[in-house]
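Peer 1: Got a structure for you, questions after.
Taken together, the values in this text are just the output of simple stated rules run on the coordinates, not laboratory data. The model shown is predicted, which means the values in this text are computed figures rather than measured ones. Note: ideal-geometry Cβ built from the backbone for every residue, glycine included; neighbour counts use all protein chains shown.
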Amino acid sequence: MKRIPLPCGETVPALGQGTWHMGDDPQRCGEEIATLRRGIELGLTLIDTAEMYGDGRAESLVGEAIRGLRDDIFLVTKVYPHNASRRAMPLACEASLRRLGVEAIDLYLLHWPGTVPLAETVEAFEALQRAGKIRHWGVSNFDREQMESLHAVPGGAAAQANQLLYNLGRRGLEWDLAPWLRQHRVPVMAYSPIEQGRLLRTRGLGSMAKRLGRTPAQVALAWLLAQDDVFAIPKTGRRERLEENAAALDLTLSPDQLRELDALFPPPSGPGPLEML
Ligand SMILES: NC(=O)c1ccc[n+]([C@@H]2O[C@H](COP(=O)([O-])OP(=O)(O)OC[C@H]3O[C@@H](n4cnc5c(N)ncnc54)[C@H](OP(=O)(O)O)[C@@H]3O)[C@@H](O)[C@H]2O)c1
């Protein structure tokens, strides 16, 4: 498994598993848990969830899936912006820990920028670290200016990742955010890496994948994994798709193939607002 270093030096598998909408349909929970466990077996031990997903249902499902496997997992969850204060964050974190059935979260992310001052949020993260409730913290959906503001507050440069909407069809962050993050050694955690399935229906991607004897999902994920500082966290609740996605790890795209993808999905030609879902 390819691994990516966090700024602190710890390395984490480049391909992980998302969990948005897991636990929504009680009839699918068994398969979703089995899928997460199969992914763990295949080395996809980075698991991403959030207190928001199904009002805690996704965290509870993850808790069930990782029971007995805790030590193998790098567990990421996210706090709502309205819970990112000195008072609310410890309670939100405790509730996440209880649902996940773990003693500590490996990476606790601010889900998106909110109205609580960043300095207070950073202090709240630091207090949870001191209490042993979280090992690392980071952010999500932060654009370049917001990253600069974060780095300007005391302790703000300790953020270990920025989780962002990033896939072949959403390359806007390559204009100025990705270079800034690279310069500060903050990795990108690419969410919706197959645009919730929509990217797979793009004609050019389909025909290229066919030529390579691969699936569109594998090409889209391999494109993200070709970068040194990008994690990808596709979500699937189906074992056969999980295995399909995991096989992206052994697809190395050649420079010609990367150029072909650039022609199909051009990089940005100017600045634009950060996209999010
Ligand atoms: N920080 C944020 O603001 C934020 C926002 C969005 C997402 N996220 C995180 O990122 C994770 C991934 O993003 P996402 O769930 O939005 O989208 P995604 O991973 O791009 O796509 C997931 C969708 O694609 C389907 N799918 C997965 N593999 C497939 C394949 N090989 N072939 C065809 N369909 C496939 C899944 O259906 P099945 O399950 O039925 O296979 C699901 O409907 C989330 O689950 C969440 O953990 C974070």
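Peer 1: Please list, in chain and number order, the residues 5+ apart from residue 138 or on another chain whose amide H is under 5 Å from its amide H, with Hs placed from the backbone.
Peer 2: The answer is 108, 109, 110, 160.
Peer 1: Divide, for the range 1-132, the radius of gyration over alpha carbons by 2.2 N^0.38 Å, where N is the residue count.
Peer 2: 1.05
Peer 1: A further question on this structure: Could you give the Stokes-Einstein D for the range 59-98 in µm² per second, using the C-alpha Kirkwood radius, 4 °C, 1.567 mPa s?
Peer 2: Taking Rh from Cα pairs, D becomes 115 µm²/s.
Peer 1: So, counting K/R as plus one and D/E as minus one, what does the shell of residues with Cβ under 14 Å around residue 24 add up to?
Peer 2: Local net charge: -2.
Peer 1: Here's something else I'd like to know. Determine which residues of the range 66-82 fall in the zone a paramagnetic label at residue 115 would reach in this model, i.e. backbone nitrogen under 12 Å from the point 7 Å along Cα→Cβ.
Peer 2: It comes to 82, nothing else.
Peer 1: Given the options 98, 70, 87, which has the most mean-square fluctuation in a GNM of the chain, springs set between C-alpha atoms less than 10 angstrom apart?
Peer 2: Of 98, 70, 87, the most mobile in the Gaussian network model is 87.
Peer 1: Something else: At a Cα cut-off below 13 Å, give the aspartates and glutamates reachable from residue 133, other chains included and same-chain residues fewer than 8 away excluded.
Peer 2: Leaving aside aspartates and glutamates fewer than 8 places away in the same chain, those within reach of residue 133 are 94, 103, 106.
Peer 1: Separate question: Given 0.36 nm per residue, what is the gain on full extension from residue 275 to residue 148 after removing their alpha carbon distance, in nm?
Peer 2: Contour length minus Cα-Cα distance gives 43.9 nm.
Peer 1: If you take all C-alpha pairs in the chain, what percent of them are over 34 Å apart?
Peer 2: 16 percent
Peer 1: Next question, about the same structure. Need one number for the range 214-256: average projected area of the convex hull over its C-alpha atoms, nm².
Peer 2: 3.1 nm²
Peer 1: Separate question: Of 220, 159, 127, which has the largest mean-square fluctuation in a 10 Å C-alpha GNM of the chain?
Peer 2: Result: 127 has the largest fluctuation of those listed.
Peer 1: Looking at the range 74-197 from every direction and averaging, what is the projected area of its Cα convex hull in nm²?
Peer 2: Dividing the Cα hull surface by four gives the mean projection, 7.7 nm².
Peer 1: Sticking with this structure for a sec: Contact order normalised by length for the range 110-231, with contacts defined as Cα pairs under 8 Å and 6 or more residues apart; what percent is it?
Peer 2: Rounded, it is 21 percent for the range 110-231.
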